[in-house]
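Here it is, the structure, as structure tokens.
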Amino acid sequence: MTASNEELELKDRLRLIETMIAEGRRTTISYGWTFVLWGVAYYVAILWAGLGHDYIAWPVTMTAAVVITVVIIARKRCTRPATTTSRAIGSIWYAMGTSLFILLMSFGISGRADQHTSIAIVAAMLATANATSSLILKWKLQFACALVWWALTVYACFGGGKMLTIAFLAALFFCQIVFGIYGMIREARARHQGDNHA
Amino acid sequence: MPELPELNPVIHGKLRLALLSLLVGVEEAEFTWLRSKTGSTDGNLGAQLANLEEAGYVSVEKKFVQRKPQTLYRMTEAGRQALTEYVQALKQLLGGAIGA
């Protein structure tokens, strides 16, 4: 083998390392569906509770959403590898989701849920999780969602009445359902690019 | 003139190098994911992963998830160290080749 061929082979190895490291890191976790699922779950719970079934609406809807989430995550985890970033972000949402689940279940069962307090807490928790994820991922759109939730936290403390419910539903629609669908589109594009690359 | 380093023969193989480079970016990876990323056949992939395991560069965990067998591969600290040294040697060799 000539010196030139040897050099080309070495460069080829270096390129291979760079490509494969990038390929491993590009592995995306699928998260968009969780935003949509939980956005829809909140809508169902709010509408159901509005029909006068307060004490069962939240516990039943939240339990169903948790079961669906766990089943889908277990199925998806079979094939995709975890990266440190994906585990960090997953941990934030897992912790936040557990806290929110316990809070909403307790509020639902006890019937002591005051609209202002519960919306303020839920919005602040969602803002925290969105802001943390967006800072890790350096994703401005998700940080915008955090800002919306923070704004709603403040509004829930000072404003009220029908407008607060409308503001909560609007925040859920944009920051959960629309953002989730956008996330799913991005993931589909990334997967498509990955397939073409492989 | 400084002596040029030798490249680790266990890592130098293209598929083995690709596998270690993939594993360095993830915590663990399943056999099917590694197969899809490398485009390798089951037999070849299994053989190369066995070589890496024998060298102590990857560890293997076999389990059942939803009644389906799953084989997970993780890079060991020795594997990480070996890959780092390989990259350094490669850069040194290329530096020597460019300088020559």
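The values are calculated or read from the model by the stated rules, or taken from the named source; none is laboratory data. Because the structure is predicted, anything quoted here is derived from the model rather than measured. Glycine gets a Cβ as well: all are built from the backbone with ideal geometry, and neighbour counts include every protein chain shown.
So which residues in the stretch A:141-171 are without any contact (Cβ under 8 Å) to a residue 12 or more places away in the chain and either surrounded by 16 or more Cβ atoms within 10 Å (Cβ to Cβ) or among the basic types (Lys, Arg) (or both), if there are any at all?
Within the stretch A:141-171, just A:162 meets the criteria.
If you take the residues of the stretch A:70-102 that are part of a helix (DSSP H, G or I) and of a type in the set (D, E, K, R), which of them is farthest from residue A:55 (Cα to Cα)?
At the first step, the residues of the stretch A:70-102 found to be part of a helix (DSSP H, G or I) are A:70-76, A:84-102.
Within this subset, residues satisfying the condition of being of a type in the set (D, E, K, R) are A:75-76, A:87.
Values: A:75: 32, A:76: 33, A:87: 35 Å.
This residue is A:87.
So, one more: Does the stretch B:61-77 contain at least one residue that is part of a helix (DSSP H, G or I) and either under 30 Å from residue A:192 (Cα atoms) or in contact with a Pro (Cβ under 8 Å, 6 or more places away or on another chain) (or both)?
In the first step, residues of the stretch B:61-77 are kept if they are part of a helix (DSSP H, G or I); the result is B:77.
When the remaining residues are screened for being either under 30 Å from residue A:192 (Cα atoms) or in contact with a Pro (Cβ under 8 Å, 6 or more places away or on another chain) (or both), the result is none.
No: the stretch B:61-77 contains no residue that is part of a helix (DSSP H, G or I) and either under 30 Å from residue A:192 (Cα atoms) or in contact with a Pro (Cβ under 8 Å, 6 or more places away or on another chain) (or both).
On the given criteria, is residue A:105 assigned to a helix (DSSP H, G or I), over 30 Å from residue B:35 (Cα atoms), touching a Leu at 6+ places or on another chain (Cβ under 6 Å) and touching a residue at least 24 places away in the same chain (Cβ under 8 Å)?
Working: assigned to a helix (DSSP H, G or I): yes; over 30 Å from residue B:35 (Cα atoms): yes; touching a Leu at 6+ places or on another chain (Cβ under 6 Å): no; touching a residue at least 24 places away in the same chain (Cβ under 8 Å): yes.
Here the answer is no, as residue A:105 does not meet what is asked.
Of the numbered conditions (1) surrounded by fewer than 18 Cβ atoms within 10 Å (Cβ to Cβ); (2) under 14 Å from the mean Cα position of the chain (by Cα), residue A:43 satisfies every one except a single condition; which is it?
Residue A:43 satisfies every listed condition except (2).
Still on this model: Quick test for you: out of A:15, A:26, pick the one residue that is among the basic types (Lys, Arg), modelled with pLDDT of 90 or more and over 22 Å from residue A:68 (Cβ atoms). Write out each step before concluding.
On the way: A:26 fails: modelled with pLDDT of 90 or more.
The conditions single out A:15.
Within the bounds of the stretch A:117-132, is there any residue that is part of a helix (DSSP H, G or I) and over 22 Å from the mean Cα position of the chain (by Cα)? Step through it out loud before you land on a result.
First, the residues of the stretch A:117-132 that are part of a helix (DSSP H, G or I): A:117-132.
From what's left, over 22 Å from the mean Cα position of the chain (by Cα): A:117.
Yes: the stretch A:117-132 contains one or more residues that are part of a helix (DSSP H, G or I) and over 22 Å from the mean Cα position of the chain (by Cα).
Here's another thing I want to ask about it. Just one of the numbered conditions (1) out of contact with any Phe, Trp or Tyr (no Cβ under 6 Å at 6 or more places or on another chain); (2) at pLDDT 95 or above is not true of residue A:126; which one?
If we test residue A:126 against (1) out of contact with any Phe, Trp or Tyr (no Cβ under 6 Å at 6 or more places or on another chain); (2) at pLDDT 95 or above, just (1) comes out false.
Can you tell me how many residues in the stretch A:177-190 are of a type outside the set (A, V, I, L, M, F, W, C) and more than 26 Å from residue A:26 (Cβ to Cβ)?
Filtering the stretch A:177-190 down to residues of a type outside the set (A, V, I, L, M, F, W, C) leaves A:180, A:182-183, A:186-187, A:189.
In the following step, the residues that additionally are more than 26 Å from residue A:26 (Cβ to Cβ) were identified as none.
Going through the stretch A:177-190 one residue at a time, the tally reaches 0.
Are there any pairs with C-beta distances below 7 angstrom linking a residue in the stretch A:77-90 that is at the interface with chain B (Cβ under 7 Å from one of its Cβ atoms) and more than 14 Å from residue A:24 (Cα to Cα) to a residue that is at pLDDT 80 or above and assigned to a loop (DSSP other than H, G, I, E, B), with the two at least 6 apart or on different chains, and if so which?
A:87/B:27
Here are the criteria: (1) within 15 Å of residue A:16 (Cα to Cα); (2) facing another protein chain (nearest Cβ under 7 Å); (3) buried (at least 18 other Cβ atoms within 10 Å of the Cβ). Tell me which single one residue B:26 does not satisfy.
(1)
Given the structure, is residue A:179 closer than 30 Å to residue A:49 by Cα, in contact (Cβ under 8 Å) with a residue 60 or more places away in the chain and either touching a Lys or Arg at 6+ places or on another chain (Cβ under 9 Å) or surrounded by 13 or more Cβ atoms within 10 Å (Cβ to Cβ) (or both)?
Details: closer than 30 Å to residue A:49 by Cα: yes; in contact (Cβ under 8 Å) with a residue 60 or more places away in the chain: yes; either touching a Lys or Arg at 6+ places or on another chain (Cβ under 9 Å) or surrounded by 13 or more Cβ atoms within 10 Å (Cβ to Cβ) (or both): yes.
It is true that residue A:179 is closer than 30 Å to residue A:49 by Cα, in contact (Cβ under 8 Å) with a residue 60 or more places away in the chain and either touching a Lys or Arg at 6+ places or on another chain (Cβ under 9 Å) or surrounded by 13 or more Cβ atoms within 10 Å (Cβ to Cβ) (or both).
Residues checked against (1) within 14 Å of chain B (Cβ to nearest Cβ); (2) surrounded by 14 or more Cβ atoms within 10 Å (Cβ to Cβ); (3) under 23 Å from residue A:138 (Cβ atoms):
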position	(1), (2), (3)
A:10	yes, yes, no
A:13	yes, yes, no
A:33	no, yes, yes
A:61	no, yes, no
A:68	no, yes, no
